[in-house]
Amino acid sequence: DKYNQAMEEKKEVEDQADALKSRADLAKRLVGGLASENVRWGEEIEKLRGNALTLTGDCMIAAGFVSYVGAFDQQLREELW
């Protein structure tokens, strides 16, 4: 009776240990994946900083294009030329 009880307790402890090993492995993989994402995020931040420098000019060009295209359709532009 004591032997069976000890074996059951041993099995429960081994099952818990296996579950914890599995969770530790998943956590390790997650941390490794996030570390590689940190590099990618850093590169993306540098790209966005570069885009911020030209944002005003890009908006001016877009506004000029929209005002040119929006006011006159193709037929009216052909009549004007």
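Quick note: the coordinates plus some simple rules give every number you see, no bench work behind them. Remember, predicted model here, so these are calculated numbers, not experimental data. Backbone-built Cβ (ideal geometry, glycine too); neighbour counts: all protein chains shown.
Here are the numbers for this structure:
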item	result
Residue match in region 29-42 (condition: surrounded by 10 or more Cβ atoms within 10 Å (Cβ to Cβ) and over 24 Å from the mean Cα position of the chain (by Cα))	no
Residue tally, condition over 33 Å from the mean Cα position of the chain (by Cα) and in a helix (DSSP H, G or I), over region 44-81	13
Residues satisfying the stated conditions in region 1-12, i.e. part of a helix (DSSP H, G or I) and surrounded by fewer than 10 Cβ atoms within 10 Å (Cβ to Cβ)	K2, Y3, N4, Q5
